[in-house]
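Have a look at the structure below, then the notes.
The values are calculated or read from the model by the stated rules, or taken from the named source; none is laboratory data. What you are looking at is a predicted structure, and each value in this text was computed from that prediction instead of being measured. Positions of Cβ are generated from backbone atoms using ideal geometry, with glycine treated the same way; all protein chains shown enter the neighbour counts.
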């Protein structure tokens, strides 16, 4: 299937619910994984993969495709969910996540499943890869756009700032980076563990076009930010999404404990019930 | 000792890059503010749009190269061996090797022969830390011609390749016409009493040691093991079957280096008495290259002595 397509507001909300159910069920089935940061990234992935990226799920290596690189690669539940839901592979395999023999590795391999551009999991590295792809395309005069999804944890790594420096140096305006800024990491509040604020000022000082989205889990705000970014030229663009870790599952929201822990049977049931209820609300909207 | 022409190995690297640049528009070069020293400045002059100075930020340089390779380019990454292999080791491991990306590494300034810059700049661990990486090819050419051939050959391999070369002029022991094949050791001199296997600048030292031994009626076989990985098992096993003992020689830590790679093969296939010449768990220091090679026991003299010792250990 070829993208981008246009979704109605209702369809966007339903796709987000679907992804959240996938995330809860995948981590529950695996008995491990990272639900918190997966849930915070849902809206930007739904909008970007369905409505922004020029991709063809029947031809994943299509030469004219836009590139989307995951820099926060621990959110494989979200990554595999969105790739399956746009049609790169059969969603029925999502329950093999993290299991022996599955293509759905705990952190992604470059070679599978379809739709994955680059392996990852070691933080700080893939922002570098992302801008390298943007540089390579620009150097060859190609028009493909490059998108990356990073997080403030990823931005604690020095390698990320080297990448931010060189993307600006080479004026990579074919590059747009999303920061899923959910303020929590494994050991607690980011500002208690190792402060990264003010992220917007830092990107500005590194000569990036910087856009801040107040509610990074709100489709309208994400859509407006990407439209604004599309008008900016000459420099790389960052869209900082203020998100909620664990978004959409009330007992996981804003709780660092859900960074890398799977829901047990009862918690899974509770989460799915909550998501089903929201789904019904959306359907009757 | 034989008189030999002296040439820069890094010139071999630079000349190969120029040749590749002419032949293949996909070839690009990245350096980390050391282009004048690594001689990638020559490529930069000729192909300015295909040269990227990444500043003093090696981790990003490696992964930028990874990104470039994902767009179909063939990046050659250049800086001193210490920084390329050490500073950015995990980038090479996880992005380049696990991702099987088509990135080539030129590790300049290998060994104590870097000289006055001292220990911080003398790479002595790269063979060890590069050869343990799955998918990686590791080549340590012996002279100008072999460096040039190794770089040209690396462009034909679809995957990561690390080539180590030095700062100083070193004796030329091969010719422009000597056949070169990645993974195929070169028998520089046939012999029956002891096998001497060396890489890099130590190949010339090994030939000199063999000459000394010959005067005493000892017939040494000298193997130029330019490719450490994949290692030429057959050449090693066949040689020690004939000679019954072996000495390894490298300008590198003995721990985990070329010699270790050789003994990993022999211990599992055909064990014979062995001795090693190399850095003995030590850093280097400032000095003239030859002074340092002598101080750290990296000359024909140690190869000669270890050869006699290992022969005496034969049953």
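When each of A:164, A:226, A:211, A:186 is tested for being under 24 Å from residue A:144 (Cα atoms) and either at pLDDT below 95 or out of contact with any strand residue (DSSP E or B) (no Cβ under 8 Å at 6 or more places or on another chain) (or both), the lone residue that passes is A:164. Within segment A:1-27, the set of residues being crowded, with 21+ Cβ neighbours inside 10 Å and closer than 23 Å to residue A:121 by Cβ comprises A:19, A:20, A:22, A:23, A:24, A:26, A:27. Against the conditions (1) in contact with a strand residue (DSSP E or B) (Cβ under 8 Å, 6 or more places away or on another chain); (2) within 14 Å of chain B (Cβ to nearest Cβ); (3) assigned to a helix (DSSP H, G or I), residue A:177 satisfies every one except (3).
Taken over segment B:78-93, the criterion of being part of a helix (DSSP H, G or I), more than 15 Å from residue A:110 (Cα to Cα) and more than 7 Å from every other protein chain (Cβ to nearest Cβ) is satisfied by B:81, B:82, B:83, B:84, B:85, B:86, B:87, B:89.
Any chance segment A:193-204 includes a residue that's buried (at least 22 other Cβ atoms within 10 Å of the Cβ), outside any loop (DSSP other than H, G, I, E, B) and within 13 Å of another protein chain (Cβ to nearest Cβ)? Taking every residue of segment A:193-204 in turn, none turns out to be buried (at least 22 other Cβ atoms within 10 Å of the Cβ), outside any loop (DSSP other than H, G, I, E, B) and within 13 Å of another protein chain (Cβ to nearest Cβ).
Of note, residue B:216 satisfies the criterion of being at pLDDT 95 or above, farther than 30 Å from residue B:72 by Cβ, in the same structural domain as residue B:293 (by TED's automatic domain parsing) and out of contact with any strand residue (DSSP E or B) (no Cβ under 8 Å at 6 or more places or on another chain). Within segment A:150-169, the only residue that satisfies the criterion of being farther than 19 Å from residue B:88 by Cβ and more than 18 Å from the chain's Cα centre (by Cα) is A:168. Out of B:259, B:278, B:274, B:244, report the one residue that is closer than 24 Å to residue B:153 by Cβ, touching a strand residue (DSSP E or B) at 6+ places or on another chain (Cβ under 9 Å) and modelled with pLDDT of 95 or more. Residue meeting the stated conditions: B:259.
Going by the conditions given, is residue A:91 closer than 13 Å to residue A:18 by Cα, surrounded by fewer than 17 Cβ atoms within 10 Å (Cβ to Cβ) and out of contact with any strand residue (DSSP E or B) (no Cβ under 6 Å at 6 or more places or on another chain)? Yes; evaluated as a whole, the condition is true for this residue.
Scanning segment A:205-226 for residues that are more than 18 Å from the chain's Cα centre (by Cα) and either assigned to a helix (DSSP H, G or I) or farther than 16 Å from residue A:174 by Cα (or both) gives A:205, A:206. Scanning segment B:94-124 for residues that are within 14 Å of another protein chain (Cβ to nearest Cβ) and buried (at least 22 other Cβ atoms within 10 Å of the Cβ), we see that the one that is nearest to the chain's Cα centre (by Cα) is B:103.
For segment A:259-275, a tally of residues being within 27 Å of residue A:11 (Cβ to Cβ), in contact with a helix residue (DSSP H, G or I) (Cβ under 8 Å, 6 or more places away or on another chain) and in a helix (DSSP H, G or I) returns 4. In summary, helices (runs of 4 or more DSSP H) completely within segment A:39-156 and bearing 2 or more residues that are away from chain B (no Cβ under 14 Å) and under 26 Å from residue B:96 (Cβ atoms) occur at A:76-86.
Taking segment B:43-77 as the range and being in a loop (DSSP other than H, G, I, E, B) and either facing chain A (nearest Cβ under 9 Å) or crowded, with 22+ Cβ neighbours inside 10 Å (or both) as the test, the residues that pass are B:54, B:55, B:57, B:71, B:72, B:73. Say whether the condition of being without any contact (Cβ under 8 Å) to a residue 40 or more places away in the chain and either surrounded by fewer than 24 Cβ atoms within 10 Å (Cβ to Cβ) or within 26 Å of residue A:155 (Cβ to Cβ) (or both) is met by at least one residue in segment A:52-59. For segment A:52-59, residues without any contact (Cβ under 8 Å) to a residue 40 or more places away in the chain and either surrounded by fewer than 24 Cβ atoms within 10 Å (Cβ to Cβ) or within 26 Å of residue A:155 (Cβ to Cβ) (or both): present.
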